[in-house]
Amino acid sequence: MRPRDLSANAPYDPGRGVEEVARELGLDPDDLVKLSSNENPHGPSPKAVEAIREAAGEAGVYPTAAHADLTEKLADRRGVDPEQVWVTPGADGALDYLSRAMLEPDDRVLAPEPGFSYYGMSARYHHGTVGTYPLSKSDGFAQTADGVLDAYDGERMIHVTTPHNPTGSELPREELLALLDGVADHTLVVVDEAYVEFSESASAIDLLAGHENLAVTRTFSKAYGLAGLRIGYAVVPPEWADAFARVNTPFAASAVALAAADAALDDGEHVERSVESARWAREHITENLEARTYDSAANFVLADVGDGTAVAEAAKERGVIVRDTSSFGLPGCIRVSCGTESETRRAVETLNEVVAEVDAAADLEAEA
Ligand SMILES: *Cc1c(COP(=O)(O)O)cnc(C)c1O
């Protein structure tokens, strides 16, 4: 007995959790600063925490009503019909449902490089194949319609991320409109807005009314601080919204996650505070990190440090965990998530020491 040929499916590399790293270094997890997964350093809203406690008592029954309630609240907030809102286990779940709804075996998908690895993973899980379009360091990872269309060859799905992970760059609205205009009718453009709350730019959800080949994915993992509960959604055009009923895994979003997300939507202040905090941290990192950084509209900053693996490793030994972006295809860089004020200050100080030391070591080696 063997599974099907999975050689094209690379395992996802999540980076390690605080407990694991603490154990390895013999440190207290509380002494570590983890800025590697773009989580909300302030955690979830207290209202969401309260809702989680309450939902615990109802964990014995399938979450039918909770699913309908959250779907309706989201539809109301985003100005669409409830049918257009596909509530899913994380935004990753939304990507899967879109793959399920769109892909026939061997259909092709186009994704950014560097970019979020789950686009390709989801396509492969659904028997699709993956091509990439480049974002390049030389122009600060600018996102344009032409940059995508130059690589486009009739693919069934195109993934764009705005703000983009791991670079923080945005796809301006006029470029998105040009992209939607520039592709064939059978090509679905999926706009991943996992970080849109941190940006000044508007969501693309309002474009769904005029574009049948657009879908927007959102998550509660980042600004809402609910990464551990796995809850997100897609918003799709009315024309094919009924596909949800034919592709979703029943009850995939848990009762606890649904209740927490519902309560989190009622705490706009918590989101606002989280966004303000992230904007402060973003600026602090950009201004004080002694490395080239890229303009970010998200809750992290990409920095060009020469050797991302060495810098991330050395920072970790001093208790600061950041993301080495080698697995995204950017071996020279690290991605630093926005922490609390004290976490961010400590991370920048530590990284500045480490970058200087790694540079000095590389110089010595070059001389030898
Ligand atoms: C974090 C992230 C997501 C959200 O993932 P969840 O499954 O909702 O936790 C989606 N897209 C990108 C680009 C991300 O960085």
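Model label points for residue 280 and residue 2, set 7 angstrom from Cα along the Cα-to-Cβ axis, are 5.7 nm apart.
Based on the Kirkwood radius over alpha-carbon pairs, what is the Stokes-Einstein translational diffusion coefficient of the range 1-142 at 25 °C with 0.890 mPa s viscosity, in µm²/s? Answer from the Stokes-Einstein relation: 126 µm²/s. With N as its number of residues, the chain has a Cα radius of gyration that, divided by 2.2 N^0.38 Å, comes to 1.00. Across the range 188-200, computed HN-Hα scalar couplings (Karplus, 6.51 cos²θ - 1.76 cosθ + 1.60, θ = phi - 60°) run 8, 9, 9, 9, 8, 10, 4, 10, 4, 4, 7, 9, 8 Hz from first to last residue, x flagging Gly and Pro.
Efficiency by 1/(1 + (r/R0)^6): what FRET value for residue 27 and residue 287, r their Cβ-Cβ distance, R0 = 25 Å, to the nearest 0.05?
Calculated value: 0.30.
Among the GluC sites (Glu not before Pro) within the range 140-175, not one is in coil by DSSP while having at most 11 neighbouring Cβ atoms inside 10 Å.
Here the chain exposes an accessible surface that is 48 percent carbon and sulfur, computed with a 1.4 Å probe and the other protein chains kept in place.
Beta bridges per DSSP, both residues in the chain: antiparallel share near 45 percent. Residues considered: 318, 77, 156. Largest GNM mean-square fluctuation over the chain, using C-alpha springs under 10 Å, is found at 77. Each label was represented as a point 7 Å from its Cα along the Cα-to-Cβ direction; for residue 185 and residue 9 these points are 3.5 nm apart. Applying 0.36 nm per residue to the separation of residue 243 and residue 206 and subtracting their alpha-carbon distance, the gain on full extension is 11.3 nm. Applying 0.36 nm per residue to the separation of residue 357 and residue 345 and subtracting their alpha-carbon distance, the gain on full extension is 2.4 nm. The aspartates and glutamates whose alpha-carbon is closer than 12 Å to the alpha-carbon of residue 222, local same-chain residues fewer than 8 away aside, are 39, 193, 197. Label sites at residue 106 and residue 37, each approximated as a point 7 angstrom past Cα along Cα to Cβ, lie 3.9 nm apart.
Here the Karplus relation 6.51 cos²θ - 1.76 cosθ + 1.60, evaluated at θ = phi - 60°, turns the backbone of the range 233-250 into coupling constants of 6, 10, 10, 10, x, x, 4, 10, 4, 5, 4, 3, 4, 9, 10, 6, 7, x Hz, with x for every Gly and Pro.
Database remark: amide H of residue 214 closer than 5 angstrom to the amide H of 189 (H placed geometrically; neighbours at sequence offset of 5 or more, or on other chains; Pro and chain starts carry no H). Quick note on the range 220-368: its Rg to Rh ratio, both from C-alpha atoms and Rh being the Kirkwood radius, is 1.11. Shape annotation for the range 46-265: C-alpha extents along the principal axes are 53, 35, 29 Å, from largest to smallest.
Annotation: per residue accessible area for the chain equals 45 Å², rounded to a whole number [probe 1.4 Å, protein chains only].
The aspartates and glutamates within cross-link reach of residue 73, meaning a Cα-to-Cα straight distance under 15 Å and a gap of 8 or more places when in the same chain, are 81, 83, 262, 266, 267.
The amide H of residue 113, built 1.01 Å from its N in the peptide plane, has 133, 135 as neighbours under 5 Å, considering only residues 5 or more places off or on other chains. A 1.4 Å probe, protein heavy atoms only, puts the accessible area of residue 47 near 110 Å².
Out of the DSSP beta bridges found with both residues in the range 46-265, what percent are antiparallel (nearest 5)? Of the beta bridges lying entirely in the range 46-265, close to 30 percent run antiparallel.
Among 204, 241, 123, the largest mean-square fluctuation in a Gaussian network model of the chain, built with springs joining Cα atoms closer than 10 Å, belongs to 241.
Residues considered: 169, 117, 274. Largest GNM mean-square fluctuation over the chain, using C-alpha springs under 10 Å, is found at 117.
Report the calculated FRET efficiency for residue 368 and residue 137 (r = Cβ-Cβ distance, R0 = 30 Å), to the nearest 0.05. Efficiency, rounded to the nearest 0.05: 0.55.
The values are calculated or read from the model by the stated rules, or taken from the named source; none is laboratory data. This one's a predicted model, so the numbers in the text were calculated from it and none came from an experiment. Cβ atoms come from the backbone with ideal geometry, glycine included; neighbour counts cover every protein chain shown. All accessible areas refer to the heavy atoms of the entire protein, side chains included, with ligands and DNA or RNA removed. Shrake-Rupley method; radii C 1.70, N 1.55, O 1.52, S 1.80 Å.
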